[in-house]
1. Tell me, what is a quarter of the convex hull surface for the C-alpha atoms of the protein assembly as shown, in nm² with one decimal?
2. Just how large is the dipole of the protein assembly as shown about the Cα centre, in debye to the nearest 20, putting +1 at every Lys and Arg Cβ and -1 at every Asp and Glu Cβ?
3. How high is the relative contact order of chain B? Use alpha-carbon pairs under 8 Å, at least six apart in sequence, and give a whole percent.
4. Between A:Ala106 and residues 5 or more places away or on another chain, which pairs have amide H atoms under 5 Å apart, with H built 1.01 Å from N, and which residues are they?
5. Kindly write out, for region A:66-81 in residue order, the coupling ³J(HN,Hα) from the Karplus curve 6.51 cos²θ - 1.76 cosθ + 1.60 (θ = phi - 60°), rounded to whole Hz, with x marking Gly and Pro.
6. Rounded to the nearest 100 Å², what is the buried accessible area between B and A, both sides summed, probe 1.4 Å?
7. I'd like the per residue volume of the convex hull spanned by the Cα atoms of region A:50-92, given in cubic angstrom.
8. Using only the alpha carbon atoms of chain A, find the Kirkwood hydrodynamic radius as the inverse mean reciprocal pair distance, in angstroms to one decimal.
Amino acid sequence: GAVVSQHPSWVICKSGTSVKIECRSLDFQATTMFWYRQFPKQSLMLMATSNEGSKATYEQGVEKDKFLINHASLTLSTLTVTSAHPEDSSFYICSPNWDRAIVTEAFFGQGTRLTVV
Amino acid sequence: SQQGEEDPQALSIQEGENATMNCSYKTSINNLQWYRQNSGRGLVHLILIRSNEREKHSGRLRVTLDTSKKSSSLLITASRAADTASYFCATDALMDTGRRALTFGSGTRLQVQP
């Protein structure tokens with residue numbers, strides 16, 4: 001299966017600071033990266049889709065100015081939570097997409113547990 | 001938006017018993033997948049069933065799909081304590097942005113008592 005590396009696995013930050021989460025596809029080229037958010041005991045909700053070389057697309061209700069996404073290369077996508085607040089505390093997971101991703105299994109990063117204090 | 005609902009939300013059984021989880025979805029699908037998530041971890045793919053399939057097996061897992069009812073079930077036979085996890089169904093769906101992406105059901109938290 002595809003290898004997806006997500007860092008950090010957990011982070012604690014102060015309210016008002018920014019946090020960057022990296023997601024790397026180690027053995028394939030990801031033209032698209034899906035970013036999900038999961039609150040405790042809830043399901044994964046798609047936040048945004050990053051596209052290599054172009055702007056990310058955001059799902060309804062997700063603030064694009066707060067969750068900055070960069071997909072500068074085919075192997076790296078980053079999500080930056082700007083001016084984080086306690087309500088942003090969540091589990092963030094990335095999942096790369098390639099042509100086969102929709103018709104076969106998807107692969108996910110290990111996830112990042114963000115706690116804003 | 002979330003694609004589907006799962007029931008039960010939580011399930012507690014004894015080791016050796018079977019566990020059945022159900023998933024319902026809203027739109028037409030190409031396939032339906034089941035994933036497992038241990039607490040605080042990423043997701044692991046378990047099994048994929050295509051829209052033209054009705055049943056599929058993989059080891060102790062059995063998945064059924066009823067496209068007329070827009071529902072699927074996951075059966076884990078002879079459960080083990082190590083099966084304790086959350087289980088999610090997922091389908092590819094058209095998102096608000098016009099792109100297709102995996103969307104997940106609400107999940108079932110399974111607890112297998114040793």
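1. Taking a quarter of the hull surface, the average projection is 12.2 nm².
2. The calculation lands at about 100 debye.
3. 38
4. Placed amide hydrogens put nothing under 5 Å from A:Ala106.
5. With coefficients 6.51, -1.76 and 1.60, one gets 8, 10, 8, 10, 10, 9, 6, 9, 6, 10, 9, 10, 10, 10, 10, 8 Hz.
6. 2100
7. Convex hull volume per residue, Cα atoms: 77 Å³.
8. Averaging 1/r across every pair of different Cα atoms and inverting gives 14.1 Å.
The values are calculated or read from the model by the stated rules, or taken from the named source; none is laboratory data. What you see is a predicted model, and the numbers here were worked out from it, not measured in a lab. In this analysis, Cβ positions are derived from the backbone assuming ideal geometry, glycine residues included, and neighbour counts consider all displayed protein chains. SASA here: full protein model, heavy atoms, side chains in, ligands and nucleic acids out. Shrake-Rupley method; radii C 1.70, N 1.55, O 1.52, S 1.80 Å.
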